[in-house]
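Novice: This structure is in structure tokens; I'll ask about it shortly.
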Amino acid sequence: MRDKRFVAVHRGGFLAKEQHQKLIEWAKKCSEHVLPLMGKNIDSRLMTALDVAQKWKEGRATVGEARKAAINVHALARESSEPVVKAIARSVGHAVATAHMADHSVGAALYARRAVKHSGKSVEAERHWQMMQLPSEIKEITLILMENKEKHFKI
């Protein structure tokens, strides 16, 4: 059962549209922050998905478009044998999928941390950066969910 704090009000949950928009913006930031770990060869599917996430936040893209973009970048993750690329693609996939289900936002952050770990950089520094980007209006509910997910994510 999904945490109702991450279910949109119009679907019977407690999540206001503004909170949902803040979650996708935060998830998008987390994914964008690790894109440089890929170097200059950034697959266009990643950029398209991040663009769809931004458009959804602005009310210019549908949930269906976001789901399609998420599927495309998760395909990239399956195609790649490079751990950093896989993790970044999963992060972006979860960021754009936040439009469909708000709790995917946490997946974007966790996969970004995994990309950082695979690149040999500081996961703790990335965690701190992510927390500093988290808007106060969604911080409490996000941290609760993050704590539950981190236990199973093994970073």
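The values are calculated or read from the model by the stated rules, or taken from the named source; none is laboratory data. As the structure is a computational prediction, the values presented were derived from the model and not from experiment. For neighbour counting, all protein chains shown are included, and Cβ atoms are generated from backbone atoms with ideal geometry for every residue, glycine included.
Novice: Looking at (1) closer than 15 Å to residue 130 by Cβ; (2) buried (at least 19 other Cβ atoms within 10 Å of the Cβ); (3) not polar (S, T, N, Q), which one does residue 46 not meet, given that it meets all the others?
Specialist: All conditions pass for residue 46, except number (1).
Novice: A further question follows. Checking the condition within 24 Å of residue 18 (Cβ to Cβ) and touching a His at 6+ places or on another chain (Cβ under 8 Å), which residue from 90, 60, 67 passes? Give the steps one after another, and end with the answer.
Specialist: Details: 90 fails: within 24 Å of residue 18 (Cβ to Cβ); 60 fails: touching a His at 6+ places or on another chain (Cβ under 8 Å).
Result: 67 is the single residue among 90, 60, 67 that is within 24 Å of residue 18 (Cβ to Cβ) and touching a His at 6+ places or on another chain (Cβ under 8 Å).
Novice: A further question on this structure: Does residue 122 qualify as being of a type in the set (Ser, Thr, Tyr), within 16 Å of residue 37 (Cα to Cα) and surrounded by fewer than 18 Cβ atoms within 10 Å (Cβ to Cβ)?
Specialist: Working: of a type in the set (Ser, Thr, Tyr): yes; within 16 Å of residue 37 (Cα to Cα): yes; surrounded by fewer than 18 Cβ atoms within 10 Å (Cβ to Cβ): yes.
When the stated conditions are applied, residue 122 passes them.
Novice: Within the stretch 8-43, track down each residue that is surrounded by fewer than 21 Cβ atoms within 10 Å (Cβ to Cβ), within 13 Å of the chain's Cα centre (by Cα) and charged (D, E, K, R). Before you say what the answer is, go through the steps one by one.
Specialist: At the first step, the residues of the stretch 8-43 found to be surrounded by fewer than 21 Cβ atoms within 10 Å (Cβ to Cβ) are 8-14, 16-19, 21, 25, 29, 32-33, 35-43.
Checking the rest, the ones that are also within 13 Å of the chain's Cα centre (by Cα) come to 21, 25, 29, 32-33, 35.
Correct list: 25, 29, 32.
Novice: Does residue 117 satisfy the condition of being in a helix (DSSP H, G or I), closer than 27 Å to residue 10 by Cβ and not polar (S, T, N, Q)?
Specialist: When the stated conditions are applied, residue 117 does not pass them.
Novice: Just the residues that are among the polar types (S, T, N, Q) and within 20 Å of residue 103 (Cβ to Cβ), please, taken from the stretch 15-49.
Specialist: Answer for the stretch 15-49, where residues must be among the polar types (S, T, N, Q) and within 20 Å of residue 103 (Cβ to Cβ): 19, 21, 31.
Novice: When residue 73 is evaluated against the numbered criteria (1) within 17 Å of residue 114 (Cα to Cα); (2) crowded, with 21+ Cβ neighbours inside 10 Å; (3) modelled with pLDDT under 95, which criterion, by number, is the only one it fails?
Specialist: (3)
Novice: Hey, can you tell me all the residues within the stretch 80-101 that are of a type outside the set (Asp, Glu), surrounded by fewer than 24 Cβ atoms within 10 Å (Cβ to Cβ) and over 29 Å from residue 9 (Cα atoms)?
Specialist: Selection gives 80, 81, 83, 84, 85, 86.
Novice: Also, I was wondering about something else. Take residue 112 and decide whether it is over 14 Å from residue 25 (Cβ atoms), crowded, with 17+ Cβ neighbours inside 10 Å and in contact (Cβ under 8 Å) with a residue 60 or more places away in the chain. Can you show your working first?
Specialist: Values: over 14 Å from residue 25 (Cβ atoms): yes; crowded, with 17+ Cβ neighbours inside 10 Å: yes; in contact (Cβ under 8 Å) with a residue 60 or more places away in the chain: yes.
So residue 112 fits the description; yes.
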